[in-house]
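Scroll down for the structure; my scribbles are underneath it.
What follows is calculated from the coordinates using simple rules that are stated; it is not laboratory data. The structure displayed is predicted, hence computed values, not measured ones. FYI the Cβ positions are ideal-geometry reconstructions off the backbone, even for glycines, and counts take in every protein chain you see.
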Amino acid sequence: MNFDPNLIRNFSIIAHIDHGKSTLADRMMELTDTVAKRDMEEQLLDSMDIERERGITIKASAVRMFYHHTDGKTYMFNLIDTPGHVDFNYEVSRALAACEGAVLVVDATQGIEAQTLANVYLAVDNGLEVLPVINKVDLPSAEPERVIREIEDVIGIPAEDAPCISAKTGLNVEQVLARIVDTIPAPTGDPDAPLKALIFDCFYDNYKGALSYVRIFDGTVQAGTRIRSMATGNEFDVTEVGVFAPTWKPVDQLTAGEVGYIAASIKSVAETKVGDTITTANRPTKEALPGYKQANSMVFCGVYPADGAHYDDLKEALDKLKLNDASLSYEHETSAALGYGFRCGFLGLLHMEIITERLEREFDLDLVTTAPSVVYRVHTLDGRDLVIDNPTNLPNAAEIDYMEEPMVKATIMTPSEYVGTIMELCQNNRGVFIDMQYIEADRVNLHYVLPLNEIIYDFFDSLKSRSRGYASFDYELSGYEKSDLVRLDFLLNGEMCDALSTIVHKDRAYAKGRAVAEKLKDVIPRQQFEIPVQAAIGSKIIARETVKAVRKDVLAKCYGGDITRKKKLLEKQKEGKKRMRQVGSVAVPSDAFMSVLRING
Amino acid sequence: MIGVYVHIPYCLKKCRYCDFCSIPIDETAGRYRSAVCGEIALSKAKYPDERVKTVFFGGGTPTALPPEDLVSILDAIRTAFPVEPDAEISIECNPKTIGFEGLRMLHDAGFNRLSIGLQTTQNALLKRIGRVHTFEEFLATYKAARDAGFTNINIDLMHGLPGQTQADYLDAIRTVAALEPTHISAYSLILEEGTPLYDDVIARRETLPDPDAVADMEDAGMDLLEALGYRRYEVSNFAKPGFECRHNLIYWHNEPYLGLGVAAHSSMIEDGFWVRFSNESSIPAYLKKLEKGKLPRAERIITNTFEQMFESIMLGLRLVKGIDRKVFFDRFGCDVIETYREAYDKNDRFGFWDHSDPARLRLNRLGMDHLDAVLRDFRERRLIDFLR
């Protein structure tokens, strides 16, 4: 027996970090008795440790709720939670495409942020009805009227009767549930038409295989249905369909308008691509849903085991993470300095941090990661077009005709008092100013075109510190531009260390070379001999520092009672050295390769 | 032939940098002498054929015990084991713990080498590191020792002390050398965890000179000592020719020795096996075992040939003369350089070896500064590779 589609509401929640998205979702689940209060884990939707610790959502997830409305009817709510970071923009757009509406949560003490704005536009582009909600009205510094005005001015949607709530205390959350029924349209769709289902996320389970999280637009799917991916043409037999209640609960079938999961003995999430359309093999739908894209890695870095003996463990760990994260890419690479490892591609810097952190935590690996790189296009004099994601692979300068680097269009929202310092930051990072709009008397929206290369390092951190945390930031890729780039190399004791090479703009090479050489001088421990640290462009040395030799590395006393102790001490010192990588004659601590990033060049 | 070490764990007061086994003298001191004598008797039963070529009373402060007790322990050793007629018999002492009468009693009983803990000559620095005596009190002890008949005397000095300058240290060396002792030990302060000084440094109540300044001090001190006729023969030890400490050479040559007393360590050959063992490290536990007529052993490790080889290198390279390759070959059946070729070559590239005598493996002065790094390289050699 199917649920009446007119009583279904599919929606997601859009909010800036810390504006209360997860707390509101928790309250909704409590009010609808979806979970008993005693079973509530703080912020149920963010199930990974890293998600809870960082207060961000990495993967989308969904939950089904039943709401008893004042009109006496019971409604099925499908809340689709979206990732909250620019790295996962595509995933957000697909999750929104699965909904008819979005609840926009804005912090009454803060206002709209750049990221929120980007996601609201995504929602509007996807034809969603947006329901604004003003949160944290219980705080003394709350200014709901100002925030309502801001929503109307900036986004251009009516907000005068937006519910003013406190997700923390539960104040007026009931109103939000009622307004979802009234504001957000019921799904349309024909249960008898050929199956048309959108994959908005996927999850790998050890027992069920890769699960596709889907929104059914047309048709019906059940165990036994032979389905086909419209992107790849691959076919699978459905073994189970189910809903999120909030954990997986098998049901007989999923039908038009509903949200749930499909299990079909799919071996890896790589075969169930977010954005793909699923249909039935014997009666396929004519057209796929629009918007499918292949996820492209934007940022690459080398990932190596700190101890070369753990290469296979690292490979196994990457294989496992890949099962659940189709956007992670990796291939074997060899570094003269670091030995065997992988060149990994990520959606962005946060994605990279998350993956490396999970590798270290969940798989107990010690890693060495190299400086991240974007993807450059290199055109050689002999007419070849190369795509370079590893500085080591850059041809000699003499062979290069010209290079292009990826650019982004950045939106920065900030209180107007920080405009000066933020513009300076953008200028320092080779930004090109486009325009500035006043949202209110004291808040502005800045637009810049910036090289992606400049923002993957510490741009976001600098922005936060320059604006005391008030500025917010969003970007989208805007294409490639010709740029005067060079490879900056580093030599330790006269030997080049490939793992430290980076591609930088020519004008910044000197400053960066000096800063990194200084940093390396500090992080490389003194050894038995003096170590020159040099920065070079081609064969030209542009900066030099020296790590002085250790003066005394000998224990003053060693008599009869000290011998066993002394041997243990030597073993311990050796363990310490193990955590270093031998680059030619020089022992380099694992974190040195990454620490060179933390440079305000 | 073995060396015998006797540990006397008592002090007037523990110095702020000290992590040795020592306590202020208390009521256990009376039972300690008879316990050590008991251990000597039990040891005799276990090693009936051993002969003794050196004896060393260390601490703590051995002279915190009455000289009669010390003499009776030495007598017990002589009764149990044949002690060579020319044996070196050393005892450590600290100023203020013993006077002329006591020193004469020790000398007459056969102690022929005295080691005095001075550390430095500036009274302010002595106070800062928690020493209980002044320089003047040391001078009185030194004179009394000479008067009592001691001609072979070592003086301990330290550098890298909180507040110490290079001028302070060189001044201390000159002052001490003017007294013409036969031997000077010159230690760099080791900041040991668990000592009051360590806690003070961590809490920033006390600061040590920076490591480069300490290295400068050490190098200048070494030059000065050599210029004054004290030849460096080990990392921290300097002597007039012929007055190297024979007991300590036993450790550095990796030869057998028997340690008596609380927390003492031994390295002995038992049934053909080289064994390292240690005694109970708390006085009550030590006394209890002996009062029950049992040897006070805490730990016992059989050292295999491979470990012995490494220990011989670890200890032998501390000596300026280094390792006699023939002695090494005769003991282990392999050449020390060939067996550790990789470590040898690596450190040869650094210029750490002294090539003047092909019969020996020895570090030059630069190499000795990096001894621990050299040893880590030698430690890379694994037993499994050696067996192949």
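For chain A, the relative contact order is 10 percent, taking Cα pairs closer than 8 Å that sit 6 or more residues apart in sequence and dividing their mean separation by the residue count.
Kirkwood analysis of the Cα pair distances in segment A:82-221 returns a hydrodynamic radius of 16.7 Å. Taken along its principal axes, the alpha carbon cloud of chain B reaches lengths of 57, 53, 43 Å, longest axis first.
Could you give the DSSP H helices of chain B that reach 18 angstrom or more along their long axis (alpha carbon positions) and whose average Kyte-Doolittle hydropathy is no lower than 0.5? Length and hydropathy pass: none found. Convex hull volume of the Cα atoms of segment B:154-281, normalised per residue: 140 Å³. Taking 0.36 nm per residue of separation and subtracting the Cα-Cα distance, full extension of the segment from B:T134 to B:A45 would add 27.6 nm.
Hydrodynamic radius of segment B:116-172 by the Kirkwood approach over all distinct alpha-carbon pairs: 12.0 Å. Only helices enter this figure: runs of n ≥ 4 DSSP H residues, each worth -39500 (n - 2.57), summed and divided by the residues of chain B, yield -12500 deg cm²/dmol at 222 nm to the nearest 500. The alpha-carbon atoms of segment A:471-565 define a convex hull whose volume equals 209 cubic angstrom per residue. At an R0 of 41 angstrom, the distance between the Cβ atoms of A:D153 and A:K249 translates into a FRET efficiency of 0.40. Rg and Dmax, both from the Cα atoms of segment B:317-363 and both in Å, are 10.3, 29. Please work out the Cα center distance from segment B:4-80 to segment A:276-328, rounded to the nearest Å. Taking the Cα centre of each part, segment B:4-80 and segment A:276-328 sit 72 Å apart. Among the chymotrypsin sites (Phe, Trp or Tyr not before Pro) found in segment A:172-272, those both in a DSSP coil and sparsely packed, with 13 or fewer other Cβ atoms within 10 Å of their Cβ, are A:Y207. Centre-to-centre, using Cα atoms only, segment A:133-205 and segment A:253-270 are separated by 26 Å. Helices in chain A, meaning DSSP H runs of at least 4 residues, each add -39500 (n - 2.57). Divided by all residues, the mean residue ellipticity at 222 nm is -7000 deg cm²/dmol. Note on segment A:369-408: Kirkwood radius taken over Cα pairs, Stokes-Einstein applied at 4 °C and 1.567 mPa s, translational D equal to 121 µm² s⁻¹.
Per-residue shielding of B:371-380, expressed as the average number of other chain Cβ atoms within 10 Å of the residue Cβ, stands at 5.
Amide H to amide H, with H built 1.01 Å from N, A:S12 comes under 5 Å of A:I80, A:G101, A:A102, A:V103, counting only residues 5 or more places away or on other chains. Note on A:D182/A:A309: beta-carbon distance plugged into 1/(1 + (r/R0)^6) with R0 of 60 Å gives a FRET efficiency of 0.45. At a Cα cut-off below 23 Å, give the lysines reachable from B:K289, other chains included and same-chain residues fewer than 8 away excluded. Excluding near neighbours in sequence, the set is B:K44, B:K46.
Counting Cβ atoms of other protein chains within 10 Å of each Cβ in A:541-553 and taking the mean gives 3. Amide H contacts of A:I542: A:A535, A:A536, A:I537, each under 5 Å away and 5 or more positions distant or on a separate chain (H built 1.01 Å from N in the peptide plane; Pro and chain starts excluded). Restricting segment A:415-508 to trypsin sites (Lys or Arg not before Pro) that sit in a DSSP loop and have at most 13 other Cβ atoms within 10 Å of their own Cβ leaves A:R468. The percentage of C-alpha pairs in segment A:156-269 whose separation is greater than 17 Å is 62%. Kirkwood hydrodynamic radius, computed over distinct alpha-carbon pairs, for the protein assembly as shown: how many Å, to one decimal? The Cα-based Kirkwood calculation yields 34.5 Å.
Mean partner shielding of peptide A:568-577, defined as the number of other chain Cβ atoms within 10 Å of each residue Cβ, is 3.
Sorting the segments B:2-15, B:278-291, A:280-293 by their mean number of nearby beta carbons within 10 angstrom, highest to lowest, gives B:2-15, B:278-291, A:280-293.
For the Cα trace of segment B:246-324, dividing Rg by the Kirkwood Rh returns an Rg/Rh value of 1.05. Beyond 17 Å, the tail of the calculated P(r) for segment B:259-379 holds 62 percent of the Cα pairs. For B:T61, the residues whose modelled amide H falls within less than 5 Å of its own, excluding neighbours fewer than 5 places apart on the same chain, are B:Y10, B:C11. The overall shape of segment A:312-469 is oblate: from the C-alpha gyration tensor, with semi-axes ordered a ≥ b ≥ c, the ratio a/c is 1.5 or greater and a/b is no larger than b/c.
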